[in-house]
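S.K.: I have a structure I would like to understand better, so I am pasting it below and will then ask my questions one at a time.
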Amino acid sequence: MNKRLLRILYTSKTYNRLSKADLSKLLQQCRDNNDHINIKGILCYTGHDFIQVIEGPEEATIRLYHKILNDDRHYDCKLINISLSSSYIFNSWSMGYLDISHGDMQLLRQELPEKLSNDNAEIFAYQLRNYLNTTPQQNTAETIFI
Ligand SMILES: Cc1cc2nc3c(=O)[nH]c(=O)nc-3n(C[C@H](O)[C@H](O)[C@H](O)COP(=O)(O)O)c2cc1C
């Protein structure tokens, strides 16, 4: 199996809740950039914490992660898992978005501490993709206006 994609799962925090406009700008930036460099993934936001998966060609993914680490819109980046893969999990998403501050995401929020471990990272990423695929309002750019 030719494992040429790199997948990174990390968490970080924001000082204050990002405004809708700032979040919208961030997502637009992610999607515009990622489209050009074959990066895919998901960004989850609780209103305080980010959870992000980025996946793509090794070099581009490492370069992007380095940029993200130096971004002052968040802090306390914690690398949860880094792995090689032969296929994308978030194939249809240049950057999917899940607002996990909503009530319907309560179960996911409760389970986060357990899911955010190196051992569970891949299963968790698949679960996040399933959330994206089964939550219709998250499928469009409108999701950025939370
Ligand atoms: C939580 C978070 C996630 C981000 N995710 C991405 C991403 O997936 N793709 C991306 O290009 N930039 C992402 N960024 C923005 C980068 O840190 C950086 O600002 C951007 O890539 C710079 O783009 P530029 O070189 O075109 O100016 C993210 C920033 C934050 C705070």
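S.K.: Residue by residue through segment 77-97, note down the ones that are crowded, with 20+ Cβ neighbours inside 10 Å and within 10 Å of the ligand (Cβ to nearest atom).
M.R.: Of everything in segment 77-97, just one residue is crowded, with 20+ Cβ neighbours inside 10 Å and within 10 Å of the ligand (Cβ to nearest atom), namely Met95.
S.K.: Now for a different question. Residues in segment 11-31: is at least one of a type in the set (Ser, Thr, Tyr), open to solvent by less than 20 Å² (accessible area, probe 1.4 Å) and touching a Phe, Trp or Tyr at 6+ places or on another chain (Cβ under 6 Å)?
M.R.: Yes, segment 11-31 has at least one match.
S.K.: Of the conditions (1) within 13 Å of the ligand (Cβ to nearest atom); (2) assigned to a loop (DSSP other than H, G, I, E, B), Arg17 fails just one. Which one is it?
M.R.: (1)
S.K.: Further question: If you take the residues in segment 45-76 that are within 22 Å of Asn118 (Cβ to Cβ) and in a helix (DSSP H, G or I), which one is most open to solvent (accessible area, probe 1.4 Å)?
M.R.: This residue is His66.
S.K.: Right, here's the next one. Filter segment 77-88 for residues that are part of a loop (DSSP other than H, G, I, E, B) and of a type in the set (S, T, N, Q) and give the result.
M.R.: Scanning segment 77-88 gives Ser86, Ser87.
S.K.: Additional query: Can you tell me which residue among Gly41, Gly56, Gly47 is more than 9 Å from the ligand (Cβ to nearest atom), small (Gly, Ala, Ser) and out of contact with any Ser or Thr (no Cβ under 7 Å at 6 or more places or on another chain)?
M.R.: Details: Gly41 fails: more than 9 Å from the ligand (Cβ to nearest atom); Gly47 fails: out of contact with any Ser or Thr (no Cβ under 7 Å at 6 or more places or on another chain).
None of the others qualify; the one that does is Gly56.
The values are calculated or read from the model by the stated rules, or taken from the named source; none is laboratory data. All figures in this text were calculated on a predicted structure; none of them were measured in a lab. Because the Cβ atoms are built from the backbone with ideal geometry, glycine has one as well, and the counts that use them run over all protein chains shown. Protein only, heavy atoms only, side chains kept; ligands, DNA and RNA dropped before computing areas. Shrake-Rupley method; radii C 1.70, N 1.55, O 1.52, S 1.80 Å.
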